[in-house]
Every structure is written in structure tokens, then in C-alpha cells.
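The structure under discussion appears below in the form of C-alpha cells.
Each value in this text was obtained by applying a stated rule to the coordinates, not by laboratory testing. Remember, predicted model here, so these are calculated numbers, not experimental data. Virtual Cβ from ideal backbone geometry, glycine too; neighbours counted across all protein chains shown.
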Amino acid sequence: MEKLKILWFNEYSGLRISYKDIVLVFDPFQTLASNIAPLNYLIISHEHFDHFDLKLDIELSKSAQMVLADLESGTRLRKYVQKERLRIMKPGDTYKDKNVSITAFKSYHPAVNPLTYLVEYYGGPKIFYASDSLPSPEFSILAKSGIDVAFVPIGIAPGASPRAGSEMVQILKPKVAVPVHGTRFEEFNSLVRARNPDVIVKIVPRDVEVEVEV
């Protein structure tokens, strides 16, 4: 069985996720390009400093086959990334190629045009990256898609908490929930176990690549 490899490389939501040889990097910050390259897809959710590092994104974009970004971040990147390798996304947009399908959804977070993303590896897992979003009933549509792994915030961002994260899990109903963007892991784990005991909570240590069976 193939495994999803996860590297959480900062105290926010910076993630490097690989399945087979296909690598996604979400919202890089607080790291060096050499720590997370090579990559296939650079994906940016919104323009806040802890999710959008222009200098780092420019460096990573040189080797990424595609950069996907919200409107605000994508506009800032336009003059540094070739047009054919930059896709500015809005809620409802889907990018597809031979490896993946990536769909943008609204993020309930106080930024200009923040996004969350559903990534579907063809013949492989479906993952949801919630970035800094608060839970919303609108995410219930994603539960129907059968999410394998959901990355949810549990702190730092406005309104984010273990309880809000557990509410997100209750709506999404993933097989595995990974808490990021915070440190109150055990509280999150207890809340998820009480509400959705069938969901596996995977607590990922920072700067250590771990594997999850999917």
C-alpha cells in the first residue's frame, strides 16, 4: 500500500506532502528552499506573512511545474513566475493535469481572498488543506468526496482552536485528521475522539517526515 509522506516544517501550516513521486508544498515560510525542494506544485492559500513569503516562493517557483495561488498572492507573483506556470485561483476553480486535480474553496479567515484546497491524486488519496479557515457548513459538500487526510488549524489564527478544528473534522469526516497551526494537540485529539471516534488523529512532529497509510 502506498503511503502519504508528510513534512510539517514551520509552526503554522507549512507542509510538504508527497505521494509516490508527486510533491506538493503548501504555504512555505520559516524554512529554506533547500529543505523542501524538489517539488511539483507550490500552493498558496493567502497573503498573510506566515503563509506567503515572496522571496521563498520565487525561489521555489523556479523548479515547480505549477504555482497555484489566491488572487492577492498570485498578483504579487505575476512578474516573477512564467504565465504558463502560474494559476491564480478563486473558489470553485479546478486545476487538472496528468497527476492531480486541485480545487479551490473559500477560506473563512480574515484575508483578502483566502482559499482552502482539495487535492486529488489520480488513483491515490484525497487531501484537504484548510489553511487558517474556521469551520463552515459549506464544507459539508467535501465530506461527500471522501477525504482521506485533512490538515486543520487548531490555533494562532483568529478563532482557530482545538474545538474549531474538531468542528471542521466533524463536517469533513476524513479518514485521518492532522492538526497544524497550533500546539494544543491532545485537546484536539480528545475532542475528535469524543465527536468522531472513527477518525484517526495523526499528530505530526515538526521537521520530521512521517508516513500515513492511505
### Query
Among 70-76, 191-197, what's the highest-first ranking by average C-beta atoms within 10 angstrom per residue?
70-76, 191-197
### Query
Going by how many other beta carbons lie within 10 Å of each one, how would you line up Ile22, Ile44, fewest first?
Ile22, Ile44
#### Entry: Met66, Met168, Met89 arranged by Cβ crowding within 10 Å, fewest neighbours leading
Met66, Met89, Met168
### Message
I need Asp207, Asp93, Asp21 ordered by Cβ neighbour count within 10 Å, fewest first.
### Response
Asp21, Asp207, Asp93
### Task
Find the centroid of the Cα atoms in the range 148-173 and in the range 36-104, then give the distance between the two in whole Å.
23 Å
### Summary
Descending packing, highest mean Cβ count within 10 Å first, for 49-60, 2-13 is 2-13, 49-60
### Task
Calculate for the chain the 222 nm mean residue ellipticity that helices alone would give, adding -39,500 (n - 2.57) per DSSP H run of length 4 or more and normalising by residue count, nearest 500 deg cm²/dmol.
-5500 deg cm²/dmol
### Query
Given H placed 1.01 Å from N in the peptide plane, which residues other than close sequence neighbours of Arg87 have an amide H under 5 Å from its amide H?
Val67, Leu68, Ala69
### Task
Quick one: net charge around Asp148, please, counting Lys, Arg +1 and Asp, Glu -1 for every other residue with C-beta under 9 Å from its C-beta.
+2
### Task
At 0.36 nm per residue, minus the direct Cα-Cα distance, what do Gln82 and Ser101 gain on full extension? Give it in nm, one decimal, please.
4.8 nm
